[in-house]
Structure formats: structure tokens, C-alpha cells
2 protein chains.
Amino acid sequence: MLSPVSEQTKVVLTEADIPTHWYNIVADLPTPPAPPLHPATDQPLVPDDLIALFPMGLIEQEASAERWIPIPDEVREVYKLWRPSPMYRAYRLEKALGTPARIYYKYEGASPVGSHKANSSVPQAYFNKIAGRTRLTTETGAGQWGAALAFAAETFGLKCDIWQVRSSFEGKPYRHAQMEVFGAWSIGSPSETTEIGRKLREQFPDTSGSLGMAISEAVEAAVKDPNASYSLGSVLNHVLLHQTVIGQEALKQLEVFGEPKLDYLFACAGGGSNLGGISFPVIRENLEGRQNTTIVACEPKAAPSLTEGEFRYDFGDTAGMTPKLKMYTLGQNFVPDPVHAGGLRYHGMAPLVSHAYHEGLVKAISVRQREAFEAGVLFSRAEGIIPASESNHAIAGAIRQAKQAAEGEVILIGVSGSGLLDLPAYTEFLSGEMADS
Amino acid sequence: MLSPVSEQTKVVLTEADIPTHWYNIVADLPTPPAPPLHPATDQPLVPDDLIALFPMGLIEQEASAERWIPIPDEVREVYKLWRPSPMYRAYRLEKALGTPARIYYKYEGASPVGSHKANSSVPQAYFNKIAGRTRLTTETGAGQWGAALAFAAETFGLKCDIWQVRSSFEGKPYRHAQMEVFGAWSIGSPSETTEIGRKLREQFPDTSGSLGMAISEAVEAAVKDPNASYSLGSVLNHVLLHQTVIGQEALKQLEVFGEPKLDYLFACAGGGSNLGGISFPVIRENLEGRQNTTIVACEPKAAPSLTEGEFRYDFGDTAGMTPKLKMYTLGQNFVPDPVHAGGLRYHGMAPLVSHAYHEGLVKAISVRQREAFEAGVLFSRAEGIIPASESNHAIAGAIRQAKQAAEGEVILIGVSGSGLLDLPAYTEFLSGEMADS
């Protein structure tokens, strides 16, 4: 039994506290990050190289060195549906652990789609809308990004076509249904709807699909339709930029909780958008001497790009169709074990996170999935919220630290999403049948 | 495309605004409700008749005529995990409907278990804990109540044993997993774990189970164990009492939105706890002349107890083991069509809601499930939140009214839960395969 508590449990803030600007860490990095390269020429990209894929508003953000980029009113209005997201003091988790630390968590799972992904899908849809594009194409694995983009496209009246890795499309009907409710068209990939899809099906008739294949289909569809854009849910600068609303709100909420000093920040990292979003505003505080926070990226042991990869130029996709990005990578052909945290199964890491890690501004650990789910179950039983498979990696990292914490240490966990659609993975863990990848 | 808006979208309030008391409508009803009767003697129940099933704290609430019943601090502390629940202005839904009405919705789906059920499971677990009981037994259909009680039992260190209708236990693995994550034991009913269960399995070897059977098993288990109590998720006075936090918060939130006058309130009604919880504080406003709100209970056409039932004494369960309650009922043997809104498939209606309806304080309509899901899809696409199957009935009722509303009419919808675990039902609707029960 966890005894009750009598202090403030959560800080929600008001709609007036939704950030008015996104924070661009490029303006503050001690050294400039390496530019993306054209896949054919190995020359630094110019904005025009991307115009077939993205609207100019997003391309400008991708290349910007401005510190603060205004959030359009139309985007802030949609953010109001779930932002500011709540921050909780994890009293019951602290008691369950017997830690002398004070633990807080910032929860993104209360967004309409259940994860932080909507923070970027909404501005992506908006900038496409004002550029006159009428259709978005994307890939999705487990479906969190697909659902977020479907919601955003519906909100701004755009068509949304989603290629979902076939094994997930067939095996995870809930996410697929969520995209349908928001009016999106989706299909298992590889499919008969694209040239590359037909080629892949001929070549690998029994394939269950992969993110790399689905990206290729979505990119082909966008390039062939002048009214369409391709949308990506992580990795790129503009995606991480949009996610900085998380970290900005978090700093304000810690202030309301009366915590001037944050010692540790734990966030899960796959492509890097969640980690970047919550940590970049904190890195700025560190760089300006207002904080001395240790930021820890928590990767799955199955896709340990920061902890075991190389820092070099690599393609963002398997087929080598995307620009080359300077990042920590396990290689474009690396196929992670089929762990449940589908959102973290990426061979590389966002260039901005990679750069920050290389500069020593971020640390990293890797976590096996049984430790992650053990942490998730403990968290659920203490706090009531069942976290997403991905978020469990951050909770596991925080628990490691809480067990050795000094009196009064302050730990913040980024809980990036809800685990309600991950419940079968919890069953697998509780029954003892989960592989310890 | 739904164009953006520029006004306040939601009112969340702060933890200090969580009600300090539950509101007991018995104190204000123009005529006293009829008492429950002992099933064997047909004499009015006395508190001792219930002591094998419930702790004295809850029995006292069941029989109380006090207007305000204090919420223990220990319960308010747990409420802080999700209360106050948010109220939204449905700007985008209004635009999609082209209605001159102003539509608001109070959303209970952000609770840790995804529905309003936690408002009562938490105090039920608490009053059992302080009475020294160590184990709770209950039944559940689709699993919303089971998950809520599992969460509450874990929070107060109680064992929780759940008999779930076998067809749901086997066919809805997500809810079942949710109960497991919170540490509850659950089994498909009828089971080999009780006398009545074994008897039923012998008698009906191929049965897929029913709520009536599962209640019988949970009651038998509680009665046979002096350390155990039985817990119910709706129907009884004390359950509706706990849910009045919803309506109290809603009145305050309308005030913050600058709405002195509420014209219509729509809420779904199965056993009656959601409808009672949001409407009883509004009925008080009506009775005292501060409001003139039309309150509309929205039932499924498949279980139309208010709109097509009789107002008479009936048993709460199929087997006739419970006290007799004066209520609108379709008869203890009535078996509703297998509609997706499992939480509304009850043959009767809470005695307090029945009484209020009989007195003309509440109106009622019935809604077929295709109209309900059509409303749910429209709501999802406008507001981002995918509502529970049950809540869709209230949304459908509100949409009927919004389409014929006068300029400036104010409509409030009680959205009792999240539909993330109901997504397969949405797929069935969108594919055109849903029966119109």
C-alpha cells in the first residue's frame, strides 16, 4: 500500500502558458552541426533540393539558425486541445522506491493521439496547408506517428495517406483503426500502390515489411504528386524544433513546483524528437549557467545508436533515397530486434541530438526491454498512468538514478506517451514470456 | 477543414478546486425515494443486511440523507492524479455542425483508467481499507469498472479479484491486460472458482457468460470471505454519490467560461452512475431556481430501461441474489443485444436516477448504435478525442439538439470515457458492418 500524500501532485498551467515560440538549439550550440548532404552529389543540401518533399515553411525551419521561431496562432489554437501538458510529482513512485530524490514527470500521453507526436504533426500539417499542398504521405511503424499525422491532417483539411509496415498493419488493428477514425487512408507496406512497393513484393514475396520500405513508398508517392508533401515524425531539425514546447513548459512547471534546480533529466530516444523536445530548452539553461542538469538519453539495447554506433554521415532510410545526415548510426542496413518499443527501433539518431551528444551536452544509456517494462509496471502501479513502451526506457533510467540518489536530488522523467495501445506487450512481460532484447 | 479559433478552449481548474464534499441528492428530492427491499422478506433493508457485502462507511453513504458528505483527504489525494477533469468548448464541433449553439464537454477519459469509473473505485477501496477489509471482489463486462477497481485496490494495498464475462475476457485482451498491470487477479466467468460458477458451467457448458453470472460469482466469493467486500461500479446510491464530483466541477467550469446559464445537459446512462454524477448537482441548481437546465439521459436502444421499461421493484442481478430496487427495469432476465457500449447493457437503472426521471427532473431518449458511432466519428474528427462507445450516445443526443438549437443556446455533454480501447468497434462502424441495434 502506498500511503497518500498531501502536497500538490500536478501542475497543469493555463492556455496562456503555451509557448509562443519554438526554441532552436542551433543558435546556441558551441559548434555548428554538420550540414545534410545531397545523396547523389555529397554536396551540402540547398533548400530547393527539398521542395519536392516539404513545403518552404518547414524547409526554412530545417535550415534556420534563429534562436526563437514563432508558433503560428493557428497551431497554438490546436495545441490548446491538450497543451500545456501536465507535470506530476511522482510521490507514490518515490515512496515505492524509498528514494531520497524528488521525482517529477512530464506527461505527453494526454494528447488526442496519446503521444508527443502531435506536437509536430500539427505544425507540419499547418505549413503544408498554407503552402497549398492538399495531401500528406508518410510511413509509420507501430502507428503513433501515423495516428498523429492523421489527426493533424484532418484538422487542417488535408488528405493523409499512410504506408504502415505490413506486420504492424495486420497485427496491431487498434492503431490502424485510430488512423481510420481520423479519416486517413492506410495500407500495409510493401503494397501494390507504388513502383517500389511492387518491386519489393516481387523481390521479397513473404516480407513482413520494414520502416525503410514504407519510407520509400511514402517518398515515391509524394514526389510523384505535386500537390503532396512527405511528412516525417522525427530525426529532422524542424521536427525536434516543434517538440521544444515540452521542455519550455517543463521548466516553467518546475518553477511552479518550487524547484529552482534540476539535477537529472531522463528521456527515451529513438529518432530523437522526444529527447530533443524536452532537453534542448534545458541544454540552453545549462549553457547559460542557470542549470547544471545531467541529461540522459535512454535508448533500447536493441537499437543503441548513441551508445554503440558511429558518428558519421549515413542515409536516413534503408534504400538510400534520403539526404545523408551526420549522425550516430548503426548503419542504414541495421535491423533491430523486434522489441515492443517500435518507436525506438531506428538505426540512427537525429543529427541535432547526435551533435549535442558528441559535444558532451547529453549523456546516454541503453536499457533492455525487460528492465524497461519492470519499470513501467512499477510506475503504473504507483502513479496510475500506464506508460508507452518507449517511455518505459526513460523511467528505467530514472529509477537507476533514484536508487543511488543523494538527499533532495531532483529528477525529471519525460513520459512521452500512453501505453493503453501497448497493453499486449505488458501482458507478455507479466507472463514472463518477453525476450530480454 | 475546420478553421482555427482564438478563444479559450478548455478550463482545467487547479487541485484546490477538487470538491471537498460529495453531493447527496436524497436531501433535496421533492419526494423520498423508495427503500431497497430484502430479497427474502420484502422488508426495507437495514444496514446490517449489507455488512457481509460492504464496509460500514459505504453502507452509511448508501442510506444517508445528508446533503453534503465529506470526501476524505486520502481520497482527494488520489483524485489529484486526474481531477479536476478538463472541460472543453467544442468550437470545432460547433463549426462542423453549423450550429448557433455553444457546445461544451466535460471529459472523464483522462483518468488513469480512461473513464469516470475511478471516481468511485477510489473511495470504495479507501472505505474498505479503513474498515480492515483486505480483498475486493467484483464483476466486469467490457472491463472499464474492473480496471478502475484494480487501480484503486492497488493504490490502497488491497487484493482485487475480478470475474469478467467470459466472452469479454477472451475477446478483449487489452482491458484484461490493464487489470493485470494494476496487479489484479481476473478470470473468465463462469469459472471453476465458485460453487455457482461450477454449477453454471455444468448447466450451460458452452455459455459465453453474462454480467448476471459474473455478479453471482463475485458476490459468493465476498460472502464466503470475512476479509472481503463486494464492489459495484454503478446503480447504488453511494456510487452515484461519488460521481457527483463531475457535476460540481462542471458548474464551476461553466462559470469560468462565462456561462451563467446551461440550457441542455446530455449524458449517457446505463446503470446510471455517469448520468447521476454529472446531473445531480445541476438538478440541485434547477430545484433552487438558479438554473433551468433540461437534463437528457441518453440510453442505447438495445437497453432502453427509462424509455421503455417499467418503474417497479426488481432484482439488481439475473440470479435474484441482490436486494430488490425500485427502478425502471426491463426485467431481471432481459438480455440486451450485444452492442459495443458494454457499459450501458444493463436491464435496470439506478434507483436515484429512476426516481428523478419519474419526478420529471430528468428526460430520456434512446439512441441506436450506428447513430451513436456516427456522432463519435464526427466528434473525433472535430475535437481529436476519440470517445468511449458509451459516451457516443450522449454526443448523438447533443447533436440532435444542436441541429435545432436557438441562437446562443448552451449545451453540455458528459463525455464519460476514452474510446482508445473501443477502436475495433469504430472499425466495424466505418466498414459499414455494424448492426444498427
So for region B:49-60 (the condition being under 25 Å from B:VAL78 (Cβ atoms), open to solvent by 60 Å² or more (accessible area, probe 1.4 Å) and either outside the structural domain of B:ALA319 (by TED's automatic domain parsing) or in a helix (DSSP H, G or I) (or both)), does at least one residue qualify? yes
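If only one of A:SER389, A:SER366 is within 14 Å of chain B (Cβ to nearest Cβ) and either farther than 17 Å from A:LEU93 by Cβ or touching a Gly at 6+ places or on another chain (Cβ under 6 Å) (or both), which one is it?
None of the others qualify; the one that does is A:SER389.
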Can we say B:TRP22 is in contact (Cβ under 8 Å) with a residue 60 or more places away in the chain and either of a type outside the set (Gly, Ala, Ser) or surrounded by fewer than 16 Cβ atoms within 10 Å (Cβ to Cβ) (or both)? yes
Which of the following residues is within 14 Å of chain A (Cβ to nearest Cβ), closer than 30 Å to A:GLY109 by Cβ, of a type in the set (A, V, I, L, M) and within 17 Å of the chain's Cα centre (by Cα): B:LEU421, B:LEU430, B:LEU378? B:LEU421
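Return yes or no: is B:THR134 under 14 Å from B:ALA228 (Cβ atoms) and surrounded by fewer than 24 Cβ atoms within 10 Å (Cβ to Cβ)?
Yes; evaluated as a whole, the condition is true for this residue.
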Unmet criterion (only one of (1) closer than 18 Å to A:HIS116 by Cβ; (2) open to solvent by 10 Å² or more (accessible area, probe 1.4 Å); (3) in a helix (DSSP H, G or I); (4) not basic (Lys, Arg)) for A:ALA250: (2)
Looking at A:LYS129, A:LYS106, A:LYS117, can you tell me which residue is among the basic types (Lys, Arg), within 10 Å of chain B (Cβ to nearest Cβ) and out of contact with any Lys or Arg (no Cβ under 9 Å at 6 or more places or on another chain)? A:LYS129
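In region A:199-218, which residues are open to solvent by less than 30 Å² (accessible area, probe 1.4 Å) and under 20 Å from the mean Cα position of the chain (by Cα)?
Filtering region A:199-218 for residues open to solvent by less than 30 Å² (accessible area, probe 1.4 Å) gives A:200, A:207, A:209, A:212, A:214-218.
Those that are open to solvent by less than 30 Å² (accessible area, probe 1.4 Å) and under 20 Å from the mean Cα position of the chain (by Cα): A:GLY212, A:ALA214, A:ILE215, A:ALA218.
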Take A:SER391 and decide whether it is assigned to a helix (DSSP H, G or I) and not aliphatic (A, V, I, L, M). yes
Residues in region B:271-314 that are modelled with pLDDT under 95 and closer than 21 Å to B:TRP22 by Cα: how many? 1
Looking for something of a type in the set (Asp, Glu) and more than 22 Å from B:TYR88 (Cα to Cα) - is there at least one such residue anywhere in region B:424-435? yes
Do we find a residue being of a type in the set (Gly, Ala, Ser) and without any contact (Cβ under 8 Å) to a residue 60 or more places away in the chain anywhere in region A:333-351? no
Per the filter on region A:180-194, residues facing chain B (nearest Cβ under 10 Å) and either touching a strand residue (DSSP E or B) at 6+ places or on another chain (Cβ under 6 Å) or assigned to a loop (DSSP other than H, G, I, E, B) (or both) are A:PHE182, A:GLY183
Can you tell me how many residues within region B:287-314 are outside any strand (DSSP E or B), in contact with a Ser or Thr (Cβ under 9 Å, 6 or more places away or on another chain), surrounded by 14 or more Cβ atoms within 10 Å (Cβ to Cβ) and not β-branched (Val, Ile, Thr)? 7
Within region A:53-67, does at least one residue satisfy the condition of being of a type in the set (S, T, N, Q) and within 14 Å of chain B (Cβ to nearest Cβ)? no
Could you check how many residues of region A:139-171 are at the interface with another protein chain (Cβ under 10 Å from one of its Cβ atoms) and either closer than 16 Å to A:PRO190 by Cβ or open to solvent by 10 Å² or more (accessible area, probe 1.4 Å) (or both)? 3
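The values are calculated or read from the model by the stated rules, or taken from the named source; none is laboratory data. Given the structure is predicted, the values throughout are model-derived calculations rather than measurements. Note that we place each Cβ from the backbone using ideal geometry, even for glycine, and neighbour counts take in every protein chain shown. Please note that ligands, DNA and RNA were not included when accessible areas were found on the heavy atoms of the full protein model with its side chains. Shrake-Rupley method; radii C 1.70, N 1.55, O 1.52, S 1.80 Å.
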